[in-house]
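What follows is a short report on a single structure.
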Amino acid sequence: MVDKLLEFGKKLLERFKEWWNKFQPKQKTVIIGIGVAILLAVGILVFVLTRKVYVPIATAENAQEGALIKSLLDENGYDYNMSSDGLSFEVLKKQEGDANLLLGSNFIATNTYTIDNVLEGSFSTTEADKQKRYIVLIQTNLENDIMRMPAVKSATVTIDVPEDNGTLIAQNRESYAGIMLELNEGEKFTQENAAAIARFAATGLGNDTTDNITITDIDGTIWFPVEETASQFDKAETMMMYKQDAESLIKNEVQNVLLGTGEYNQIKVAANVIMDFSEREITEHRYSVPDGMDQGLYSHTEEYRSNATDGIGGVPGTDSNSETDVLIDESTGTNTSTYEAKRDYLPDETITNEKPQVGTIVYDDSTVSVAAIRYRVIREEDVRLQGYLDGITWEEYKLANDVRTQLEVNDDFIDLVANAVGVPDSNVSIVAFEEVQFVDAVEERVELKDIIQIILIIIILVLLGFVVFMSLRTKREVEEEEELSVEDLLQTSKEELESIETEQKSEARKLIENFVEENPEAVATLLRNWLDEDWG
């Protein structure tokens, strides 16, 4: 096996020598120079692409913290650089994420993720990649800001930004954020603090409301939004939240319905929702007379009757006591009769107890105001092609044409909004404007590293092309030389002989020719002896 390899290598070396010997010394020098240039260019390219790139990871506040950072990086096998004072540390770019988690888990603040990390990149960096980096930037900034609160030991923020697919509906959707807190023991943390964090996070995300913000702690307690109310203050706050929720719902409905018409590019809605939070009971009595009666039924009745008879007596005194033998009734009296009745009627009645729902929207008193904007897009490329920039700059053109015009709103849009939210037409007001939106020409940002790579690639391709061209040219010249036919050689020899015959013959040549003519046999014998000696 080894012998075969050696033999193959020997043949390959011989072929290379054959190929190499075809070139002239000048061509060999050019090929060697090109080869050296190619190797140098490849070496530079490999160095640029494979060299280690370090990024700052942490700056220690003192030597003790620096020693802790160094110990953590050494124990976990990170490739890092340390400054001469032992306070600043850099790690390999590909290890940056793991190093952040390692130092963060040990309560060591790492360098803040900045906007430069978002915008840096090369030709292979897409807008989607930059969007993901921007989300990481927002999360990092929110976590660092929240951890400044004394009661918060650590914070983890997860956000969900709607995908920007180019539609205005996607641009108007609010982002979501989930915040997990680890609280310090002994520090006071209230729902007011959680509400402040929610408002801060909503502002950082660009949300108008805190509807999509949720704050919990590692023990599972939900701090925001507030789900239970105990005090009058909490009750008033909850009522305000109900109002905000109702207004937010109306805003979304109005935005969706107006953006769905395609007439406007941006919608701003302000809603003043009147809500009824009163608690009351309504009792209604209805009376009716039973059939066949002209009064209601009795619920209670009382009757009293009394009869009395009065007689005539004698004269008061002794006169009426005279003795008589026969009793004669001579009296004439009066009869008295009394009748009294009391009745309580029981009418037919219906009693309805009505308790209206707390927090109902009073649509007749609620109002909706809408400010709509329609954009007229003007692109620098189009203006330049149309010749409008002759004699002026693009900035001057923008200043001259940056005009805002108020548009007339059709009554159909007012009816559309009123029907969408249920308020009267008279409670809806819409104003619309047309604004000019200028789009500058896109200028691609090229970094020095990208330029070096492109130049090296071009040089390598040019050198390779030159080598191939020279190889083909040399090979073609050799083949042309080998393709000379025998006839051409004979023709060349014949021409040379004719030229020799035309020349003046020397005296020695004449003597030899005379000797050959006079002694042909001796000449033949001499030639035979020469041939025998050469082949013997």
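The values are calculated or read from the model by the stated rules, or taken from the named source; none is laboratory data. Just so you know, these numbers come straight off a predicted model, no measurement behind them. Neighbour counts run over all protein chains shown; Cβ positions are idealised from the backbone, glycine included. Heavy atoms of the whole protein, side chains included, go into the accessibility calculation; ligands, DNA and RNA do not. Shrake-Rupley method; radii C 1.70, N 1.55, O 1.52, S 1.80 Å.
Some notes on this structure:
- Residue match in the range 14-21 (condition: open to solvent by less than 100 Å² (accessible area, probe 1.4 Å) and more than 20 Å from L463 (Cα to Cα)): yes
- Conditions (1) touching a Ser or Thr at 6+ places or on another chain (Cβ under 7 Å); (2) loosely packed, with under 11 Cβ neighbours inside 10 Å: number failed by Q64: (1)
- For first residues located in the range 398-424 and within 14 Å of V254 (Cβ to Cβ), partners that are open to solvent by 60 Å² or more (accessible area, probe 1.4 Å) and part of a strand (DSSP E or B) and lie 6+ apart or on another chain with Cβ distances below 9 Å form the pairs V409/V431.
- When the range 70-98 is limited to residues that are touching a residue at least 40 places away in the same chain (Cβ under 8 Å) and assigned to a helix (DSSP H, G or I), the one that is surrounded by the fewest Cβ atoms within 10 Å (Cβ to Cβ) turns out to be K93.
- Helices (runs of 4 or more DSSP H) completely within the range 355-423 that count 1 or more residues being open to solvent by less than 40 Å² (accessible area, probe 1.4 Å) and modelled with pLDDT of 90 or more: 411-421
- Residue check for K70: under 14 Å from D85 (Cα atoms) and either in contact with a Cys (Cβ under 7 Å, 6 or more places away or on another chain) or of a type in the set (K, R) (or both): yes
- Residue within the range 43-55 that is over 17 Å from V467 (Cβ atoms) and polar (S, T, N, Q) present: yes
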